[in-house]
Protein chains: 4
Amino acid sequence: MNFASDNTAGAHPAILRALAEASEGRAMPYGNDPWTERVAASLAEIFETAVTVFPVATGTACNALALSALTPPWGAVMCHESAHIEVDECGAPEFFTGGAKLMTLPGGDGRIAPATLEQALAGAGFGVVHSVQPSALSLTQATECGTVYRPDAIRALADLAHARGMGVHMDGARFANAVVSLGASPAELTWRSGVDVLSLGATKNGAMAAEAVVFFDQGRADRFAFRRKRAGHLFSKMRFLSAQLEAYLADGLWLANAGHANAMAARLAAGLAALPGVGLLHPVEANAVFATMPGHAIEAMKAAGFRFYRWPHDGSDAVRLVTAFDTQPADVDAFLAKLQSILLIPAPAAAT
Amino acid sequence: MNFASDNTAGAHPAILRALAEASEGRAMPYGNDPWTERVAASLAEIFETAVTVFPVATGTACNALALSALTPPWGAVMCHESAHIEVDECGAPEFFTGGAKLMTLPGGDGRIAPATLEQALAGAGFGVVHSVQPSALSLTQATECGTVYRPDAIRALADLAHARGMGVHMDGARFANAVVSLGASPAELTWRSGVDVLSLGATKNGAMAAEAVVFFDQGRADRFAFRRKRAGHLFSKMRFLSAQLEAYLADGLWLANAGHANAMAARLAAGLAALPGVGLLHPVEANAVFATMPGHAIEAMKAAGFRFYRWPHDGSDAVRLVTAFDTQPADVDAFLAKLQSILLIPAPAAAT
Amino acid sequence: MNFASDNTAGAHPAILRALAEASEGRAMPYGNDPWTERVAASLAEIFETAVTVFPVATGTACNALALSALTPPWGAVMCHESAHIEVDECGAPEFFTGGAKLMTLPGGDGRIAPATLEQALAGAGFGVVHSVQPSALSLTQATECGTVYRPDAIRALADLAHARGMGVHMDGARFANAVVSLGASPAELTWRSGVDVLSLGATKNGAMAAEAVVFFDQGRADRFAFRRKRAGHLFSKMRFLSAQLEAYLADGLWLANAGHANAMAARLAAGLAALPGVGLLHPVEANAVFATMPGHAIEAMKAAGFRFYRWPHDGSDAVRLVTAFDTQPADVDAFLAKLQSILLIPAPAAAT
Amino acid sequence: MNFASDNTAGAHPAILRALAEASEGRAMPYGNDPWTERVAASLAEIFETAVTVFPVATGTACNALALSALTPPWGAVMCHESAHIEVDECGAPEFFTGGAKLMTLPGGDGRIAPATLEQALAGAGFGVVHSVQPSALSLTQATECGTVYRPDAIRALADLAHARGMGVHMDGARFANAVVSLGASPAELTWRSGVDVLSLGATKNGAMAAEAVVFFDQGRADRFAFRRKRAGHLFSKMRFLSAQLEAYLADGLWLANAGHANAMAARLAAGLAALPGVGLLHPVEANAVFATMPGHAIEAMKAAGFRFYRWPHDGSDAVRLVTAFDTQPADVDAFLAKLQSILLIPAPAAAT
């Protein structure tokens, strides 16, 4: 059973069906097709405002392209120190922006506090020619710690950024999980709270490979098509990206999938909390659970065939467990049962 | 009926089936999966040598990434003036290489003649600090004019490039069409003739969105994984790229599809050649036909619902017609019949 | 005697004196000094308009930085095929612009004809996502062939560019030579004819190492300070760049120097034209002379200690001879006398 | 009196004389001149080993170019969090490297401790495709805190870096100050302790605008000439850069200048330490003094015409005072006397 990441899941059957249907007949390439048009209309409805939408295939492309529309090469992107753009994209934001700098901020549970941002901005050297110029704020929703930002927090952070002339980006690789978790509307979590551009993820939540750069600030979208093309991210058979997104958004599939994954994480967290020697590192607000547990138990769980990543935390043994749209309650329960049985056995004495 | 491009076709049913099958169950991400392993093995067998393979989703990414492994930022890539990398990628090679220059060469029927390359190299300023340094030769196979390079021509060009320390890239967006057309082995058309890295296309020939960077020169592949990742072209659910490629290469599907497309182009060319006032611009050796015809006929064909691009040539009215794996003989015959009927009607007098 | 280039000359004594004087006492760094302020004022007066001025030390930096303010990474810069930015800067414009493309245009005597530009623009694919977007026109004044653009020609070219939303750059590495040659005002040759930004050269005409990016379009200058800094071209002891420029512009030194160099070129051209077997390749309108002459004579002149570059032209033997502010009439006469004596001797028979 | 920075000083008379002498007659451009040759010979002698030398004009260019030879675009440069390359170059390293990341390390007195580096390397994700790959270590000598690294510390850090395949860069904008301070040989402070490439500063220590990239690892120097050229940092009249460096290194001028500046800093530090309410933040080992003092005293000193920068430290009021080759003992004494007199007056009560 695989809790390593939500990207180890396959695609949802509805999305596979949509691909098969989209394959019928000829369609004009590069987005001049009805699927792409329908996705844009669907997102405008879901977000209750005009949007400009650019489907791409990977989260890294989605983020790096979006950021490149917000910052010049001499700019800086402020983000949490655990942000995917800082930690897991091998410098993609630097590549796409022509060498802008990422300025990382600390913050509990994967969230940036407004006061932290305010202090960083105060010392950032705006207008000083020797300093890179903060040009964008990037927030991750849900965060890398499996927590979420409430709309008022987003608004407070976005206001600080906008007051400095910066743009606000949201890395929404797990945006659906946040929407479900908060019970807030997509609009409330984005443009109504000051987000200018959203990386809307679908891959981790049931698509094969599909994300969308969604611009709420239409001025920022200008010339974006050239950025996407020249990065090799404009698909000729675009209908196959758009068909995934269309199915993803249709009939609430995206929210149903996320809701299920969140529920599985909650079930897992509840079970873990009840085990002796196991602790939760962060509130479980989306589909990831971070837990401390004895090192020997981690090894024993791996030996038993469970897949997940070690996630050391302040010198303690810990793990990250991620649930997905296809995680079964039985998977969760099997994990918990096995771990419980392991924890009942005393830890082996250290070698002498 | 659509002759605009082979990228207006959908995906081949076998490839759709492979995707559905690949979606079953969990798989580790980023290429650590059995599909990706099998594709590499399959390509090693097809090319009769060790290869390093990097699946990506678009032809532009495939080309630009491959070139970035061959040239430093102060380098130059020599290519035909009609090459896709020069004309149709919005500067992607420049982006991925950090600003290398494309040096274009003329040549009949979309092919570079060895003498032309030799002359360009002689004047290229190797070692002169003021000059960009030619570092790669890029050949398109089949060419943008629907013709092919014979192995001896590839060898002659590659020898000239290698003698200058340059790497040799082949843009094989339509490589399968060339293989079928020439009846040569994939090995003969690539590494045995001096090609160091191949952009192997599948999208135009039946895949949804799948290409592969294939390195024959293993030294060139070093660190390539970082280039792909940081360009946003490493898929998390890589199995879906690899499954397409696996099905594409299995049971000769790639060659069957290309053979069919080539046959449809030949049928179209034969029919066109028999029509009065219609001329072929290039030998038809793959799946594209370039033809001159009266301007009024072009307009009438478009009005009749046929889709294709105008392709002006030296001041003459001309069109490009591209066939694909799913082009039907009846489509070709309908095009020819309609054009014949139009040509029988005298051209309208110019407005006075 | 050295006719290889005007950059083989030293610095003018007045400029050396200005440097020694500028060295007295302390001054605030990075351009916050009186010299830099005075240069800006001086250029505003000379160009009869508001300007924003950025001193730098090399012509390549001056051009590449200026162009980077005019074009996005997916843009193209149109220029003559002999332009320094295309031929002699090792890809600096590509580096500074983040990978924009240079589109070269042919043209007699180093000049682009308006009709040539018009045709190129017509086929340039504005708005097409697959095509780089022409964003700047770069004109060289005086040209690489030692000729000049008249104000009406600049205006015609600039109008075409502006009609397409492009910016107009002038590479004025030898701008002073053009001003003197044409007897036109600096304003007339630049902003009054549509130039948005000028690379104003001083190094080749008497400075040690000093150029200035001069913006007439103030909007284009915005954020330029960050570009200069991050390229390593912001001098801490800026007063030493500005002092050179101040002395260069004071009391008409720049025009006097250029006038002298032009006169020496004219003297050389007149002498060459009178020699049998010698032909001039281009009108001599500035400080460079391009002449065909027998290959054996070229070798004999080199053997006699004269320094200059061979400059093959359409298969003929030819040379480039450049004069400078310190070229002496006696140098010119010695060159002519020696060449005359060599030409009187029959060419050696070719080896058999 | 100016303690703002050593870059507010002019040029040393010997360097101005060298420039005037170098200006005599013609010289071939781009470094093909005797001055450049002599500088290289001089540095080989001073460093007691073969070196490859590239003169440039600014410290930012020197650092960014040197780093670009050590790291690929997907690499990372590890440096102290106060390093000039991180704080004061507006992203130049990112620009020149094509988007590599700077990873900053904390450390007392501006120095990285080997244990800190070791820990950072252990967690750096070498070989992980999602992580930028640490490729260079950059040490600042003397540091931004006016301290120095002893040879054994350099060796310990360099060994850690080399063990990971990283290159070692030294930002020696104030290298001469460190040499004098430590009484160690230039060789001992660089290649004998593991430094692969040195940014050797001269500008802050008596030159007008001259630095040199000095490669000890000859393999790293390969193709560097193209990097310098395409960044616009290859001077046509190179003799004027090289003449500065030649005079700087001749007869120990560089060490004499640095020795004087260091002595002035020591005099200043000794005086400050004796004043009530003034504290030194770092050991004074080169030519910079960092001192805490009451905020009202800072204001009063500025009002009295002394120039220096506020340098807040952990919430305390503090200043940075930099001495130079031309700082006079009387300047130092005047500063101390004025400050003493100010400190005798009670601080004004805060407004109520």
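Return yes or no: is A:Ser131 open to solvent by 10 Å² or more (accessible area, probe 1.4 Å) and either in contact with a Pro (Cβ under 9 Å, 6 or more places away or on another chain) or assigned to a strand (DSSP E or B) (or both)? Spelling it out, it is not the case that A:Ser131 is open to solvent by 10 Å² or more (accessible area, probe 1.4 Å) and either in contact with a Pro (Cβ under 9 Å, 6 or more places away or on another chain) or assigned to a strand (DSSP E or B) (or both). Condition check for C:Ala178 on (1) under 13 Å from C:Val148 (Cβ atoms); (2) touching a strand residue (DSSP E or B) at 6+ places or on another chain (Cβ under 8 Å); (3) surrounded by fewer than 24 Cβ atoms within 10 Å (Cβ to Cβ): one failure, at (3). Out of the residues in region D:29-48 meeting the condition of being open to solvent by 40 Å² or more (accessible area, probe 1.4 Å) and either assigned to a loop (DSSP other than H, G, I, E, B) or in contact with an Asp or Glu (Cβ under 8 Å, 6 or more places away or on another chain) (or both), tell me which one is nearest to D:Ala243 (Cα to Cα). Per the stated criteria, the residue is D:Trp35.
When region D:206-216 is filtered for residues that are crowded, with 23+ Cβ neighbours inside 10 Å, out of contact with any Lys or Arg (no Cβ under 8 Å at 6 or more places or on another chain) and assigned to a loop (DSSP other than H, G, I, E, B), the ones remaining, listed by number, are D:Gly206, D:Ala207, D:Ala210. Restricting A:Ala202, A:Ala176 to residues that are closer than 30 Å to B:Leu16 by Cβ, at pLDDT 95 or above and within 14 Å of another protein chain (Cβ to nearest Cβ) narrows the list to A:Ala202.
Looking at B:Thr147, B:Thr190 in this structure, which one is away from chain A (no Cβ under 14 Å), under 30 Å from B:Asn32 (Cα atoms), open to solvent by less than 10 Å² (accessible area, probe 1.4 Å) and among the polar types (S, T, N, Q)?
Numbers: B:Thr147 fails: under 30 Å from B:Asn32 (Cα atoms).
Being away from chain A (no Cβ under 14 Å), under 30 Å from B:Asn32 (Cα atoms), open to solvent by less than 10 Å² (accessible area, probe 1.4 Å) and among the polar types (S, T, N, Q) holds for just one of B:Thr147, B:Thr190, which is B:Thr190.
Examine region A:70-77 for a residue that is buried (at least 23 other Cβ atoms within 10 Å of the Cβ), over 30 Å from B:Asp6 (Cα atoms), among the hydroxyl-bearing types (Ser, Thr, Tyr) and assigned by TED's automatic domain parsing to the domain that holds A:Met208, and state whether such a residue exists. The answer is yes; a qualifying residue exists. Taking the criterion of being of a type in the set (A, V, I, L, M) and at the interface with chain B (Cβ under 7 Å from one of its Cβ atoms), the residues of region A:23-51 that qualify are A:Ala27, A:Met28.
Looking across region D:305-332, the residues that are more than 25 Å from the chain's Cα centre (by Cα) and either within 20 Å of D:Phe290 (Cβ to Cβ) or modelled with pLDDT under 95 (or both) come down to D:Gly315, D:Ser316.
Scanning region D:300-343 for residues that are outside any helix (DSSP H, G or I), open to solvent by 80 Å² or more (accessible area, probe 1.4 Å) and over 22 Å from C:Met28 (Cβ atoms) yields D:Asp314, D:Gly315. How many residues does region D:142-164 hold that are over 28 Å from D:Asp6 (Cα atoms), touching a Ser or Thr at 6+ places or on another chain (Cβ under 8 Å) and part of a loop (DSSP other than H, G, I, E, B)? Looking only at that region, the number is 0. For region C:122-146, the set of residues classified as more than 22 Å from C:Val213 (Cα to Cα) and in contact with a Lys or Arg (Cβ under 6 Å, 6 or more places away or on another chain) consists of C:Val129, C:Val132, listed by residue number. Only a single item in (1) open to solvent by less than 10 Å² (accessible area, probe 1.4 Å); (2) touching a residue at least 12 places away in the same chain (Cβ under 8 Å); (3) within 29 Å of B:Ala225 (Cα to Cα) is not met by B:Gly110, and it is number (3). Among the residues here, D:His162 qualifies as within 21 Å of D:Pro73 (Cα to Cα), outside the structural domain of D:Val319 (by TED's automatic domain parsing) and open to solvent by 60 Å² or more (accessible area, probe 1.4 Å). Restricting attention to region A:52-86, the residues being within 14 Å of chain B (Cβ to nearest Cβ), more than 23 Å from B:Phe235 (Cβ to Cβ) and in a strand (DSSP E or B) number 0. With respect to (1) crowded, with 24+ Cβ neighbours inside 10 Å; (2) farther than 30 Å from C:Pro114 by Cα, the lone exception for C:Asn7 is condition (1). I'd like to check something: does region A:7-25 contain any residue that is at pLDDT 95 or above, in contact with a helix residue (DSSP H, G or I) (Cβ under 9 Å, 6 or more places away or on another chain) and in a strand (DSSP E or B)? The answer is no; no qualifying residue exists. Which of the residues belonging to region B:2-17 are more than 8 Å from every other protein chain (Cβ to nearest Cβ) and of a type in the set (A, V, I, L, M)? If the condition is that a residue be more than 8 Å from every other protein chain (Cβ to nearest Cβ) and of a type in the set (A, V, I, L, M), then B:Ala14, B:Ile15 are the ones that fit. Remark: pairs (first residue in region C:87-98, closer than 10 Å to B:Trp74 by Cβ and open to solvent by 10 Å² or more (accessible area, probe 1.4 Å); second residue among the hydroxyl-bearing types (Ser, Thr, Tyr) and in a helix (DSSP H, G or I); Cβ separation under 8 Å; 6+ apart in sequence or on different chains) are absent. Examine region A:39-55 for a residue that is at pLDDT 95 or above, of a type in the set (Val, Ile, Thr) and closer than 20 Å to B:Ile15 by Cβ, and state whether such a residue exists. No, the conditions are met nowhere in region A:39-55.
The values are calculated or read from the model by the stated rules, or taken from the named source; none is laboratory data. In this text, all values refer to a predicted model and were calculated from it rather than measured experimentally. Please note: Cβ atoms are built from the backbone with ideal geometry, for glycine as well, and neighbour counts cover all protein chains shown. The accessibility values were calculated without ligands, DNA or RNA, using every heavy atom of the protein model including side chains. Shrake-Rupley method; radii C 1.70, N 1.55, O 1.52, S 1.80 Å.
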